[in-house]
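Read the figures in this text as sums done on the coordinates, not as results from a lab. The structure displayed is predicted, hence computed values, not measured ones. Every residue, glycine as well, gets a Cβ built from its backbone with ideal geometry; the counts of neighbours run over all protein chains shown.
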Amino acid sequence: MDKFVVIGGKKLVGDVSISGSKNAVLPIMTATLIVPGNYKINNVPNLRDTQTMIKLLKIIGAEVEYVNNTLIINTKKCNNPHAPYDLVKTMRASFYVLGPMLSRFHHSQVSLPGGCAWGPRPVDFHIKALKEMKVDVKLDQGDIIADGQPIGGDIIFKKKSVGATGNILMASTKAIGKTNIINAAKEPEIVSLGDFLIKLGAKIDGLGTDNITVTPIEHENNNIEYDIIPDRIEAGTFMIA
């Protein structure tokens, strides 16, 4: 499609339902890997990216069913903490599995979105933060291989990063000790992810602010139903129209 042609002069009248936020649902889908359990996620948009994430969860070992904008996910039998390049190259959000797999397996192998270099787009923020959490991280033929249980501490981002904040939030849920994320992203999608992690059993303070503190999960909740927030870009588009 080269262009849209809009013939104006008619006011929009009526009600419209806003789809679930893609940028909120993708990290929450990966967060189901942290605690083996059963999850029901509502208001999930039927998009190529959500379908790609379903494929990735299945590769890791999850059982996933998608019916009427609801995801039913069982992560009890997951045993393959590997995100291959064929999927990661089609969707950068696949990189969100790095933190959850470290939390659960203390091992994570994720292909770099762009192949064999971790720049210029800031996956280096993810890597640096994990190294500060005493995780052993190395690059092997285009894959990031991370080993070890994350250890809490002060993680300071030079620039705000939604992806890195999300990954470190998830890595912190089963870390040793508290984690303070300084200069954290404040977007609604990060707040929503934090709310989901709280349902898992983590204690999180400061969501929606520059500084987030995560106290790891002590008592796991492995049977969760969660509603995805509406897509703010879609809502804004209708408001403008």
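Details
- Computing mean projected area of the Cα convex hull in nm² directly from the structure and comparing it against [x] 16.4; [y] 14.3; [z] 13.3 singles out [y].
- Between helix 123-132 and the chain: long-axis angle, C-alpha atoms, 0 to 90°, nearest 10: 30 degrees
- Charge dipole magnitude, Cβ of K and R +1, D and E -1 - the range 156-199, Cα centre, debye nearest 20: 200 debye
- Protection proxy ranking of 46-55, 146-155, 9-18, 218-227, by the mean of other Cβ atoms within 10 Å over each peptide's residues and highest first, is 146-155, 46-55, 218-227, 9-18.
- Within the chain, percent of DSSP bridges classed antiparallel, to nearest 5: 70 percent
- Taking every Cα-Cα distance in the range 132-241 and sorting them into 5 Å bins starting at zero, the pair-distance distribution P(r) comes out as 2, 11, 19, 20, 18, 13, 9, 4, 2, 1, 0 percent.
- Pairs over the 28 Å Cα-Cα cut-off, from the set Lys58/Lys174; Lys3/Lys40; Lys89/Lys203: Lys3/Lys40; Lys89/Lys203.
- 3J(HN,Hα) couplings calculated from phi for the range 14-29 with the Karplus curve 6.51 cos²θ - 1.76 cosθ + 1.60 (θ = phi - 60°) are, in sequence order, x, 10, 9, 8, 8, 5, x, 6, 4, 5, 8, 6, 4, x, 5, 4 Hz; Gly and Pro show x.
- Divided by 2.2 N^0.38 Å, where N counts the residues, the Cα radius of gyration of the range 201-241 comes to 1.77.
- Entry note, the chain: relative contact order of 21 percent, from Cα contacts under 8 Å with a spacing of 6+ residues.
- Viscosity 1.002 mPa s, 20 °C: Kirkwood-radius Stokes-Einstein D of the range 1-53 over Cα pairs, µm²/s: 148 µm²/s
- Volume per residue of the convex hull around the Cα atoms, evaluated for the range 56-112, comes out as 84 Å³.
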